[in-house]
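*Asks:* Could you have a look at this structure, given as structure tokens, before my questions?
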Amino acid sequence: MLANNTDEVIQYLDAIIAEAIEERSRRGFFAALYRQVTLKVKIGIKHGFFDNAARMEEFTTQFANRYFRAWDDYQKNIKSTRSWQSTFDAVQKSELLIAQHLLLAINAHINLDLGIVAAELCPGDKLQTLQDDFIKINAILSDLLEPVELVLGQLSPLIEILDKFGGKKDEVIFNFSIRKARQEAWNNAKILAYQTPDIQQAIVKIIDSKVAFLGCAIANPSRTFDRALDLIKKSESDDVIAIINALNTIAD
């Protein structure tokens, strides 16, 4: 299930969301949010927001294909990256917050996949030509941040408790490190873009280990947070279908 364009990306995400709703699976949380981001990027491509629309179409498609391939592998019990393996395993953990489920997938997709796709699409010196459009995605994500916060606040009324543990909630919950993660992904791309395929694979394994470790921290935060997480979880909606539908209408 690999897409050829952004229309197919959205179509495949719709299929994952529909299946998740049917099975009441939490894997639909990220797919729904990812669909909203893809819709915004598609609009940007259509209206000339990016310097190179054709390349951004391909970039968006190949980026999504990393997620689709990881999910296909997981379903077929094919060994995947540690980052995605632990993310999909965590779907079964009903004790995790909605935000934790989202962050686990965001962590794997940005911290691991993003730099790989950038380096593959624009190897060597070509990478520099991608930088401006790469950075422009940050503006799209920033525009989505407030409506995402609003939806999360409705689904998880006590999520603001985490403010007391780490500052502004947009930094702790959703924008926890997205801008930093994207910068790290760009740094990874600058290394990968100049390597041979064998060396690239060795580097990717190192990155994957680091990202998997961060995922473990997201799923199992410091005991300092235990009481706050318990309180938040008790206030959260446990209606998987309602959560998926809410996340899937953010950009509407």
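The values are calculated or read from the model by the stated rules, or taken from the named source; none is laboratory data. It should be emphasised that the depicted structure is a prediction, and the values quoted were computed from it without experimental measurement. Quick reminder, even Gly has a Cβ in these numbers, built from the backbone with ideal geometry, and neighbours come from all protein chains shown. Note: accessible area is taken over every heavy atom of the protein model, side chains too, but ligands, DNA and RNA are not part of it. Shrake-Rupley method; radii C 1.70, N 1.55, O 1.52, S 1.80 Å.
*Asks:* Output ³J(HN,Hα) for region 55-71: one whole-Hz value per residue in order, computed from phi by the Karplus curve 6.51 cos²θ - 1.76 cosθ + 1.60 with θ = phi - 60°, and x for Gly and Pro.
*Replies:* 5, 5, 4, 5, 4, 4, 5, 5, 4, 4, 5, 4, 5, 4, 5, 4, 5
*Asks:* What angle do you read, to the nearest 10 degrees and between 0 and 90, between the alpha-carbon axis of helix 131-155 and the longest principal axis of the chain?
*Replies:* 10 degrees
*Asks:* Something else about it: How do Glu184, Glu95, Glu22 rank by accessible surface area computed with a 1.4 Å probe, from largest to smallest?
*Replies:* The ranking, largest first, comes out as Glu22, Glu95, Glu184.
*Asks:* Under a point-charge model restricted to the Cβ atoms of Lys and Arg (+1) and Asp and Glu (-1), what is the dipole moment magnitude of the chain relative to its Cα centre, in debye to the nearest 20?
*Replies:* The dipole magnitude comes to about 620 debye.
*Asks:* May I pose another question? Just read off the accessible area of Lys205 with the full protein assembly in place, 1.4 Å probe, to the nearest 10 Å².
*Replies:* Accessible surface of Lys205 is approximately 140 Å².
*Asks:* Still on this model: Hey, in the GNM for the chain with a 10 angstrom Cα cutoff, which one of Arg26, Arg227, Arg69 fluctuates hardest?
*Replies:* Of the options given, Arg227 has the highest mean-square fluctuation.
*Asks:* So what is the 222 nm mean residue ellipticity for the chain from helices alone, if each DSSP H run of at least 4 adds -39500 (n - 2.57) and you divide by all residues, rounding to the nearest 500 deg cm²/dmol?
*Replies:* -22000 deg cm²/dmol
*Asks:* On a 0 to 90° scale, report how tilted helix 226-235 is relative to the longest principal axis of the chain, with both axes built from alpha carbons and the result rounded to the nearest 10.
*Replies:* Value to nearest ten degrees: 80.
*Asks:* Please state the charge dipole magnitude for region 54-117, taken about the Cα centre, from unit charges on C-beta atoms (+1 on K and R, -1 on D and E), reported in debye and rounded to the nearest 20.
*Replies:* It comes to approximately 140 debye.
*Asks:* Same structure again: So for the chain, taking the charge dipole from beta-carbon charges (+1 Lys/Arg, -1 Asp/Glu), which of Ile137, Tyr34, Ala105 sits furthest toward the positive end?
*Replies:* The listed residue farthest towards the positive side: Ala105.
*Asks:* Compute the angle between helix 27-46 and the longest alpha-carbon principal axis of the chain, please, reported from 0 to 90 degrees and rounded to the nearest 10.
*Replies:* Here the helix axis deviates by roughly 40 degrees.
*Asks:* Here's a follow-up. Enter the accessible area of Thr196 (Å², nearest 10), with the probe set to 1.4 Å and all protein chains included.
*Replies:* Roughly 70 Å² of Thr196 is accessible to a 1.4 Å probe.
*Asks:* Which lysines does Lys136 reach when only Cα atoms under 20 Å apart count, and residues fewer than 8 places away in its own chain are ignored?
*Replies:* Cross-link targets: Lys40, Lys42, Lys46, Lys126, Lys180, Lys190.
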